[in-house]
Amino acid sequence: MNPTEKNSASSSPSDQFLSQVLSCVRFRYDHAVIRQELLDHIEDRKDNYMEEGVKDGEAEILAVSCMGDARELGEALNREHSPLLGWIWRISGWAASICVFLAVVLTILPLGHMMLSPFINSADNIPRDQIVYSQKMEERVQIDDRVIILRKVVFTQTDRNADTGTLHILWDNYEKRLHFSGWGFTLSDCRFTDQSGREYLFSGGYSSAGPLSRCSTELDGFPKGAETLYIDYDRYHRQFHIEIPLLPPGSGTGPISGTNLPGGDAS
Amino acid sequence: MNRKKALIRNLALTAGCTLLIYTVSGFFFVPESAFRVSERSSHYGPSEIVCVGDAGSAQYFFGSFENYISLTEIKRYYLPVLWTIGNQYLGHRRDLSQALDPQYSSHVLSDGLSSAGAGRRVIVYGYVNDPSVTLLELNYGDGHVLRLDLPDPDGGSSAQSLQRRVLLPGDAAAAAALPSDNGVFFLFCFIQPPDSSAVMYYRWLRGLSSDQTLLYEYSPQTGVTIPPPDSSS
């Protein structure tokens with residue numbers, strides 16, 4: 001008598017039946033599920049018989065006999081639970097779990113950061129008491145995949161009697177290509193001039209990290225009465241030109257214009 | 001759920017998430033894709049790839065864009081199949097009036113311990129514009145001299161043959177040259193140990209003729225020394 005037969009001889013009819021069925025199913029990782037499912041069926045039938053007045057031991061034998069031939073059932077289940085499909089299913093499950101985890105860590109969280117960054121990062125931390133004038137705008141230009149949006153210019157002075165102050169340009173930029181890699185962008189390579197042609201040097205700024213970068217650019221020594229700011233970018237066949245009529249106190253208003261010069265979108 | 005349906009669901013999830021990770025995360029399966037994204041996000045190029053150096057942990061793309069040359073480092077990202085953008089040196093304008101037109105860059109080799117790392121990988125690259133120069137010598141300190149015979153600008157090896165031949169993993173020093181449409185592209189690579197503070201980048205780069213006559217010498221510290229800077233020839 002081998003150990004299985006010995007075990008069968010000493011166990012209940014349900015256990016014997018289940019052991020015979022499972023011995024036909026080669027994909028052993030499914031044995032627990034199959035055993036539980038068959039056992040539930042047997043228990044249900046056994047309960048029905050006992051409700052009809054059949055004694056416990058007889059009810060179990062009747063319930064097992066209703067399940068049919070153990071070998072036939074086992075072979076049918078073996079076809080349904082083939083090892084090849086079973087392994088592919090298990091491995092695909094692991095792969096899907098890992099991919100979902102990595103997707104959450106590597107993409108969903110950065111996307112969440114992108115959504116929140118306009119609220120977390122603020123380039124507009126200019127002391128309110130130094131503001132002489134500010135004006136909002138919505139001017140877009142594009143170079144390659146990068147979209148640059150000018151939001152606001154703010155002119156500040158620490159000494160209100162001085163002729164010059166600092167012009168803050170608040171702007172955003174993002175890449176249309178949905179890929180969190182590559183290099184950031186600043187306006188430091190731009191040429192800033194006013195209506196007289198005088199050039200102003202990039203004197204500082206701020207750029208937030210993230211796919212949507214909120215930025216500020218500062219131009220020191222900017223005249224209080226300047227009427228127009230020109231921003232020109234021209235590098236490696238990428239160009240754009242932005243013209244911002246400024247609104248110093250007491251001046252009129254004018255349209256803002258920004259254009260991508262030929263070659264500005266080098267896509 | 002039917003096992004086949006679950007399998008289809010798992011495969012769809014795996015494919016979708018892989019696509020999402022690849023698209024959004026900043027990793028690349030192909031180093032050249034990373035190189036192209038690096039250039040485009042810098043608003044430069046697209047360059048023609050002159051050659052690719054493989055240093056094991058990184059690949060170096062040497063690009064030519066109009067009259068500019070560039071060097072872009074593409075690093076392995078943990079898994080061997082994933083690449084990410086490393087350092088980048090763009091827009092060195094070629095000086096065709098110079099017989100030797102070298103550029104150089106260096107990267108600290110991380111050892112995960114100190115800022116000095118495991119030394120620096122120094123890369124010296126550029127063009128030889130004078131066809132009478134047939135041999136380059138680079139002294140990178142402590143008497144170490146790399147020699148490089150230049151190919152005929154009108155023939156010889158091709159870009160394909162140079163690719164992946166240089167900067168092999170474990171090489172302490174390597175050199176390669178490649179004829180191009182306008183001059184000969186050259187490349188030296190060597191590792192400076194962390195305590196090598198005496199030499200910044202390299203001591204000198206010399207161009208010699210076929211009879212070993214010294215025609216040109218360039219030092220990163222002093223510039224061109226041979227011929228003398230005031231020489232009209």
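Brief remarks follow.
- Excluding ligands, DNA and RNA and using a 1.4 Å probe, chains A and B jointly bury around 3000 Å² of accessible surface, summed across both partners.
- Within region B:25-56, the residues that become at least 10 Å² less accessible when every protein chain is included than when their own chain is isolated (1.4 Å probe; DNA, RNA and ligands ignored) are B:Ser25, B:Gly26, B:Phe27, B:Phe28, B:Val37, B:Arg40, B:Ser41, B:Ser42, B:His43, B:Tyr44, B:Gly45.
- For region A:137-215: accessible area per residue (Å², 1.4 Å): 44 Å²
- Rounded to whole Hz, the Karplus (6.51, -1.76, 1.60) HN-Hα couplings of region A:18-30, x for glycine and proline: 5, 5, 5, 4, 5, 5, 8, 8, 7, 7, 5, 5, 9
- In this simple spin-label model, placing a label point 7 Å from the Cα along the Cα-to-Cβ direction at both A:Leu39 and A:Ser196 gives a separation of 9.2 nm.
- If you take all other residues with their beta carbon under 9 Å from the beta carbon of A:Thr166, and give Lys and Arg +1 and Asp and Glu -1, the sum is -2.
- Relative contact order for chain A: 14 percent, from Cα pairs under 8 Å spaced at least 6 residues apart, divided by residue count.
- Candidate aspartates and glutamates for bridging to A:Lys46, where Cα separation is under 19 Å - those fewer than 8 sequence places away on the same chain excluded: A:Asp15, A:Glu37, A:Asp56, A:Glu58, A:Glu60, A:Asp69
- Taking amide hydrogens as placed 1.01 Å from N in the peptide plane, the amide H of A:Leu246 sits under 5 Å from those of A:Thr228, A:Leu229, each at least 5 positions away in sequence or on another chain.
- Heavy-atom surface analysis with a 1.4 Å probe gives chain A a carbon and sulfur content of 54 percent of its accessible area.
- Accessible surface comparison of A:Glu199, A:Glu227, probe 1.4 Å, protein chains only, largest first: the order is A:Glu227, A:Glu199.
- Whole-Hz Karplus values for region B:65-77 come out as 10, 6, 9, 10, 10, 8, 9, 10, 9, 10, 9, 5, 10 Hz, taken residue by residue from phi with 6.51 cos²θ - 1.76 cosθ + 1.60 and θ = phi - 60°; glycine and proline positions read x.
- Across region A:78-185, Cα pairs under 8 Å and at least six residues apart give a relative contact order of 17 percent.
- Summing Lys and Arg as +1 and Asp and Glu as -1 over all other residues whose Cβ lies under 12 Å from the Cβ of B:Leu82 gives a net charge of +2.
- Relative to the dominant Cα principal axis of chain A, helix A:109-120 is inclined by about 40°.
- Here A:Lys176 is the anchor, and the lysines within straight C-alpha reach of less than 29 Å, apart from those fewer than 8 places off in the same chain, are A:Lys136, A:Lys152, B:Lys75.
- For region B:93-103, backbone phi angles converted through the Karplus equation (6.51, -1.76, 1.60; θ = phi - 60°) give residue-by-residue couplings of 6, 5, 9, 6, 7, 8, 4, 10, 10, x, 10 Hz, Gly and Pro being listed as x.
- Computed over protein heavy atoms with a 1.4 Å probe, the accessible surface of region A:8-92 works out to 62 Å² per residue.
- For the pair region B:13-38 and region A:65-109, the centres of their Cα atoms are 29 angstrom apart.
- Relative contact order of region A:150-213, taken over Cα pairs closer than 8 Å and 6 or more residues apart, is 28 percent.
- Rounded accessible area of A:Cys215 (nearest 10 Å², 1.4 Å probe): 0 Å²
- Other-chain or far-sequence residues with amide H under 5 Å of B:Ala58's (modelled H): B:Arg76
- For chain A, fraction of C-alpha pairs farther apart than 26 Å, in %: 63 percent
- Complex-versus-alone comparison for region A:74-108, residues with a loss of 50 Å² or more in accessible area, probe 1.4 Å: A:Leu85, A:Trp89, A:Ser92, A:Cys99, A:Leu106, A:Thr107
- With R₀ set to 22 Å, the beta-carbon distance separating B:Thr23 from A:Trp94 gives a calculated FRET efficiency near 0.45.
- Solvent-accessible area lost in complex, 10 Å² minimum, residues of region A:163-182 relative to chain alone, 1.4 Å: A:Glu175, A:Arg177, A:Leu178, A:His179, A:Phe180, A:Ser181, A:Gly182
- 5 angstrom amide H check on B:Thr134, placed H, neighbours 5+ away: B:Leu208, B:Ser209, B:Ser210
- The heavy atoms of B:Asp195 offer some 120 square angstrom of accessible surface to a 1.4 angstrom probe.
- Cα shape, region A:73-189, gyration tensor, a/c 1.5 rule: prolate
The values are calculated or read from the model by the stated rules, or taken from the named source; none is laboratory data. Predicted model, so just to flag it, every value in this text is computed and none were measured. Glycine gets a Cβ as well: all are built from the backbone with ideal geometry, and neighbour counts include every protein chain shown. Protein only, heavy atoms only, side chains kept; ligands, DNA and RNA dropped before computing areas. Shrake-Rupley method; radii C 1.70, N 1.55, O 1.52, S 1.80 Å.
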